[in-house]
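Student: Handing you this structure, nothing more for now.
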Amino acid sequence: MRALFVDANETLAAVTDKLLRSASLPVGINRNPSIKPDDLPGLLGDAEIMIVDHTAVPSAIAEKCAKLKHVVFLGTGARSYMNPEELAERGISVHTIKGYGDTAVAECAIALMWASARNFGEMDRGMREGNWLRRDAMQLTGKTLGLIGFGGIAAEAARMAAGCGMKVIAWNRTPKTHPGVEFVSLEKLLAESHVVSLHLLLNDETKGFLSRERIAQMRKGSILINTARGAVVDEDAMLDALRSGHIAHAGLDVFTVEPLPAGHPLTKLPNVTLSAHSAFRTPEASDNLIGAALDHCRRIIATGK
C-alpha cells in the first residue's frame, strides 16, 4: 500500500520529511497546499491512502480516485471537508487525529480571551494609524470562564484560567467531572459567564449551537471566544450582538467561510479580534499531528484497516 500527503504546506512537509527519516513508510508528499478537489484523482494515482490537511474531498471526487480506501484527515473536524458516511458507502474509511494540539489550541483560546478583555487589537490598529486610542479593559481575575464542551482542549484551558485566578464552569453534552471545574446547566453557564469559550466538535447536532436565542441568554457585556468551528455559532446573530454591545468582544480563530472573505462584516467591527484558524500551529502540535498521521498509515499498511 502507498500513501500520499496531497496538500502539504511548507511547514508540514518539513515535519513529514523529518519524521519519515526514521520510518520506512511508503508515504509521498505533494508540496502544493493550493490544490483543488478536482486535482485529487490525478495526484493520488494508485495510492490507497490519502493524507489531507485542508482540501475538500467531495464524495463524487473520491469516487474517481481509483484505489483510494483510506483518508487520514489532519485534525478532528473532517466533517467540515468531507462526508464520512458517504465515503464509507463507497468503501473509503476516514481516520481523524485527536489530542495533538490540545495545549496549543487552549493557549490560543486564552490568548484571545486576554486580547479581547484588554482591547489590544483595536488599540493596536488605532495607534498604527497615528491615534492615541485608549480603551478600558475587563479585569479577568475573579471573573467566570464558561467552557461549552469539555474535552482535552477545554481541560487545558481550564488549567490555564484557574492559574489566572478565574472561576471555571463548564457544560458538556454528557456528564463529566474535572478537578476545579463546576459543571452546570447551559442556561446557568450563559447567564453567569463573563467569558464564554466554545469547544464543540462540528456535526449535525452542533451546527448553529450558539443560536440567536442562546446568545440572548448570555450575560450582557460578556466576551465570546471561538477556537472550535465557525459554524457552531449563528454568525448573523453574533454580529447583531456585537453591534449592540450585548457581546462586548469576540475573539475568533474560526469562521463559517474560510479563508475569511475580504470586506466580511467581522472585519468592519472594532470589538472583534481575528486569528486565521491558526490555534494549532506550533512546532510541538505539528510534530504530534504528523506523527499520529504516520502511525495511522503504519497501522493501515500492517492490518488493512
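The values are calculated or read from the model by the stated rules, or taken from the named source; none is laboratory data. Values in this document were obtained by computation on a predicted structure and should not be read as measured data. Positions of Cβ are generated from backbone atoms using ideal geometry, with glycine treated the same way; all protein chains shown enter the neighbour counts. Keep in mind that these areas ignore ligands, DNA and RNA; they rest on the heavy atoms of the full protein, side chains included. Shrake-Rupley method; radii C 1.70, N 1.55, O 1.52, S 1.80 Å.
Student: Place a +1 charge on the Cβ of each Lys and Arg in the stretch 111-235 and a -1 charge on the Cβ of each Asp and Glu, then give the dipole magnitude about the Cα centre in debye, rounded to the nearest 20.
Tutor: Around 240 debye, computed over the stretch 111-235.
Student: Along its three principal axes, how long is the stretch 77-120 when you only count alpha carbons? Whole Å, largest extent first please.
Tutor: 50, 19, 9 Å, listed from the longest principal axis down.
Student: Taking a cut-off of 21 Å, what percent of all Cα-Cα pairs in the stretch 39-138 are separated by more than that?
Tutor: Pairs farther apart than 21 Å: 53 percent.
Student: Right, next: Which order do the peptides 77-88, 215-226 come out in when sorted by mean C-beta neighbours inside 10 angstrom, highest first?
Tutor: 215-226, 77-88
Student: What translational diffusion coefficient, to the nearest whole µm²/s, does the stretch 170-234 have by Stokes-Einstein, given a Kirkwood radius computed over alpha-carbon pairs, a temperature of 4 °C and 1.567 mPa s viscosity?
Tutor: 104
Student: In this model, which of Lys67/Lys176; Lys64/Lys305; Lys36/Lys305; Lys18/Lys98; Lys143/Lys176 are farther than 30 Å apart at the alpha-carbon?
Tutor: Checking Cα-Cα distances, Lys67/Lys176 exceed 30 Å.
Student: Next question. Given a 10 angstrom Cα cut-off, can you work out which residue in Gly99, Gly152, Gly180 is the most mobile in a GNM of the chain?
Tutor: In the Gaussian network model the winner is Gly180.
Student: Based on Cβ point charges of +1 for Lys and Arg and -1 for Asp and Glu, what charge dipole magnitude is obtained for the stretch 162-305 about its Cα centre, in debye rounded to the nearest 20?
Tutor: For this selection, approximately 160 debye.
Student: Convert 20 °C to kelvin, take the viscosity as 1.002 mPa s, use the Kirkwood radius over C-alpha pairs of the chain as Rh, and evaluate the Stokes-Einstein diffusion coefficient in µm²/s, rounded to a whole number.
Tutor: 104
Student: What percent does the relative contact order of the stretch 42-194 come to when contacts are Cα pairs within less than 8 Å and at least six residues apart?
Tutor: 16
Student: Do any trypsin sites (Lys or Arg not before Pro) in the stretch 148-190 lie in a DSSP loop with no more than 15 other beta carbon atoms within 10 Å, and if so, which?
Tutor: Arg173, Lys176
Student: For the chain, what does -39500 (n - 2.57) per DSSP helix run (n ≥ 4), summed and divided by total residues, give at 222 nm, in deg cm²/dmol to the nearest 500?
Tutor: Taking each H run of at least 4 residues, the total per residue is -10500 deg cm²/dmol.
Student: Another question about this same structure. Send over the Kirkwood Rh of the stretch 1-72, from the inverse of the averaged 1/r over different Cα pairs, rounded to one decimal Å. Can you show the working numbers first?
Tutor: Values: mean 1/r = 0.0816 Å⁻¹.
About 12.3 Å, per the Kirkwood formula over Cα pairs.
Student: Can you tell me, using C-alpha contacts under 8 Å and at least 6 residues apart, the relative contact order of the chain as a whole percent? List each step's numbers first, then the result.
Tutor: Values: 570 pairs, mean separation 49.9, N = 305.
Averaging sequence separation for qualifying contacts and normalising by length gives 16 percent for the chain.
Student: Still on this structure, I have one more. Under 5 Å between amide hydrogens, which residues at least 5 positions from His249 or on another chain qualify, with H placed 1.01 Å from N in the peptide plane?
Tutor: It is Leu224, by chain and number.
Student: Show the residues, 5+ positions off or on another chain, whose built amide H is closer than 5 Å to the amide H of Ser93.
Tutor: It is His70, Val71, by chain and number.
Student: Next question. Just to confirm, what accessible area per residue do you get for the chain at 1.4 Å probe, in whole Å²?
Tutor: 47
Student: Using alpha carbons only, how many degrees (0 to 90, rounded to 10) separate the axis of helix 152-163 from the longest principal axis of the chain?
Tutor: Tilt relative to the chain: about 30 degrees.
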